[in-house]
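Below: one structure, written as structure tokens.
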Amino acid sequence: MNIEYRVGMMKVVLAYSGGLDTSTIIVLLKEKYDAEVITVTVDVGQKGELEGVEEKAYELGASKHYTIDAKKEFIEEYVFPAVKANALYEDKYPLGSALARPLIAKKVAEIAIQEGADAVAHGCTGKGNDQVRFDVTLKAYLGSEVDIIAPVRELRLTRARSIEILNKHGYNVSSIHKKFSIDENLWSRSIEGGILEDPMEEPPEEAFEWTKPYHEAPDHPLYLDIEFREGLPYKVNGEVYDEVEMIELLNGLIGSYGYGRIDYIESRVIGLKSREVYEAPAALTLIEAHKELERMVLTPKELRLKKYLDGLWTDLVYQGLWIDPLKTHLDIAIDSLNKYVTGKVKLKVYKGALVIVGRESPYSLYSKDLISYDEGWYPTSEEAEGFIKLYSLYSLTANKARKEVEN
Ligand code: ARG
């Protein structure tokens, strides 16, 4: 964008987390872009970071601030569909940041329209996924010609420079934010940067907040019964919970037993491998439990299709294409397959390990009568042999035909 041709001060709506980069951006938008800054903080369950966010925005120079509580919407419209899709990117990452970005962008877009803003701004770097997610969703809501200002990307701002700028404005950056780049919401806590950029370096304990190290976890196991209705969790140990409370409860409880850490090499959208560390006790647990229930109620053919659709859904969302038309079709199919995912899963968590120890469902395809070696139905020898004969016919015929030509 070219601000020189603008008449008067432009009005910018900034997606403000209260963190290092976006705080610096308030200052930069005013000083370098000569803009009036309206900050929008979307509460997706990031807790600590929210404290004093409004005061900080005003102190750094915002003219107006909004804090929007979107926790319920985040769980219902973004996290729950991810549970239904067993969304683990590269079989590892439950997509916390990837799910929150389109929601934050939507809220920022709504405020931008309401305020008649000239531009929107965010704090993403030019090396990450979040810039893709923000830009794509903002364009979807505001039109592809929208002015998006991304000062970190445009000025190639380093974290050290951000710290310097904030210090100059009288802000002391907390030691944890000096060491790592953290992004937190109800679904996951991501810790990047600093010492973690060496992939051989074990993450130090201070990087973690939601999970206990194994040696500090209790000496007894935690048993959990999680009940699902049409693919969504609604009861824990027999008690019905509000969605947000349930996720908070599971994160706290399961994390305290040492489960929920992830440390892996991730393939970013823009073609870079990065070392990512996460904490996501509730997400990993709910997805494991949900998958197990699917194994019990879906036919093998349905399971194959489900895995394929889940993979497409997960990649789209990771890659910032929340608004892609394909997702609409995937959601319909994934919802349809979740119709039978009703029942209970029993889990055991002990010193950082999680195992499934029981499951039941009114739609169960498991039949004790059919499977038992001790009692109930038994195929006749003719039935079993006849099945095997026809079942193996292609394989045996092919081998024979090929052998005859080759010999
Ligand atoms: N690598 C993760 C993702 O792309 C986490 C991003 C975390 N964002 C951050 N600003 N620290 O979804």
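The values are calculated or read from the model by the stated rules, or taken from the named source; none is laboratory data. Keep in mind it's a predicted model, so treat the numbers as computed, not measured. FYI the Cβ positions are ideal-geometry reconstructions off the backbone, even for glycines, and counts take in every protein chain you see. Accessible surface is based on the protein model in full, side chains and every heavy atom, while ligands, DNA and RNA are left aside. Shrake-Rupley method; radii C 1.70, N 1.55, O 1.52, S 1.80 Å.
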### Query
What size of dipole, in debye to the nearest 20, comes out for region 260-407 about its Cα centre when the only charges are +1 on Lys and Arg C-beta atoms and -1 on Asp and Glu C-beta atoms?
380 debye
### Query
Say each of Glu77 and Leu393 gets a label point 7 Å from the Cα, pointing the same way as Cα to Cβ; how far apart are those two points in nm?
5.5 nm
### Message
Are there any trypsin sites (Lys or Arg not before Pro) in region 309-407 that are in a DSSP loop and have at most 14 other Cβ atoms within 10 Å? List them by number.
### Response
Lys339
### Task
Please go through region 136-231 and write out the trypsin sites (Lys or Arg not before Pro) that DSSP classes as loop and that have at most 13 other C-beta atoms within 10 Å.
Arg156
### Semi-axis lengths (Å, descending) of the ellipsoid that matches the C-alpha gyration tensor of the chain
47, 25, 21
### Task
Straight distance only, please: which lysines reach the Cα of Lys107 with their own Cα at less than 25 Å, same-chain residues fewer than 8 apart left out?
Lys11, Lys30, Lys47, Lys56, Lys64, Lys71, Lys72, Lys84, Lys127, Lys139, Lys327
### Whole-angstrom gap from region 120-139 to region 252-315, using each part's C-alpha centre
24 Å
### Net length gained if the chain between Leu365 and Thr380 were fully extended (0.36 nm per residue, minus Cα distance)
3.2 nm
### Task
Would you please give the FRET efficiency between Tyr58 and Glu110, computed as 1/(1 + (r/R0)^6) with r the Cβ-Cβ distance and R0 = 22 Å, to the nearest 0.05?
0.55
### Task
Name the most mobile residue of Asp118, Asp219, Asp324, meaning the one with the largest mean-square fluctuation, in a Gaussian network model of the chain with Cα contacts below 10 Å.
Asp219
#### Entry: Folded to 0 to 90 degrees: helix 300-318 orientation relative to the chain principal axis, Cα
10 degrees
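Against the globular-protein guess of 2.2 N^0.38 Å, express the Cα radius of gyration of region 223-325 as a ratio, rounded to two decimals. Write out the running numbers ahead of the final one.
Details: Rg = 15.9 Å, N = 103, 2.2 N^0.38 = 12.8 Å.
Dividing the Cα radius of gyration by 2.2 N^0.38 Å gives 1.24.
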### Task
Work out from phi, with θ = phi - 60° and the Karplus expression 6.51 cos²θ - 1.76 cosθ + 1.60, the ³J(HN,Hα) of each residue of region 355-371, listed in order in whole Hz, and give x for Gly and Pro.
10, 8, 10, x, 7, 8, 7, x, 9, 3, 9, 6, 10, 4, 4, 6, 8
#### Entry: Extension gain, Lys403 back to Thr125 (0.36 nm per residue minus Cα-Cα distance, nm)
94.1 nm
### Query
Which ³J(HN,Hα) values, rounded to whole Hz and listed in residue order, are derived for region 60-65 from phi using the Karplus coefficients 6.51, -1.76 and 1.60 in 6.51 cos²θ - 1.76 cosθ + 1.60 with θ = phi - 60°, glycine and proline given as x?
7, x, 5, 8, 7, 9
### Message
Per residue, how much accessible surface does region 122-208 expose to a 1.4 Å probe? Answer in Å², no decimals.
### Response
50 Å²
### Task
List the residues of region 131-161 whose backbone N lies under 20 Å from a point placed 7 Å from the Cα of Ile176 along the Cα-to-Cβ direction.
159-160
### Query
At q = 0.13, 0.21 Å⁻¹, what is the log10 ratio I(q)/I(0) for region 1-130, with the Debye formula run over Cα points and no solvent?
-0.57, -1.24
### Cα-based Kirkwood hydrodynamic radius, region 82-212, one decimal, Å
16.9 Å
#### Entry: J(HN,Hα) series, region 257-263, from Karplus relation 6.51 cos²θ - 1.76 cosθ + 1.60, nearest Hz, glycine and proline x
9, x, 9, x, 8, 9, 8
#### Entry: region 65-124 pair-distance distribution - Cα-Cα, 5 Å bins, rounded %
4, 15, 25, 20, 15, 12, 6, 3, 0
#### Entry: Loop chymotrypsin sites (Phe, Trp or Tyr not before Pro), region 298-399, which have at most 10 other Cβ atoms in a 10 Å radius of their Cβ (DSSP)
Tyr373, Trp377
### Query
Full extension from Asp331 to Arg295: what is 0.36 nm times the residue separation minus their Cα-Cα distance, to one decimal in nm?
11.0 nm
### Query
Tell me, what % of the accessible area of region 276-376 is carbon and sulfur with a 1.4 angstrom probe?
57 percent
### Task
Tally the DSSP beta bridges in the chain and give the antiparallel ones as a percent, rounded to 5.
65 percent
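Rounded to whole Å and sorted largest first, what semi-axes of the equivalent ellipsoid does the C-alpha gyration tensor of region 252-305 yield via the square root of 5 times each eigenvalue?
For region 252-305, the ellipsoid semi-axes come out as 26, 21, 6 Å.
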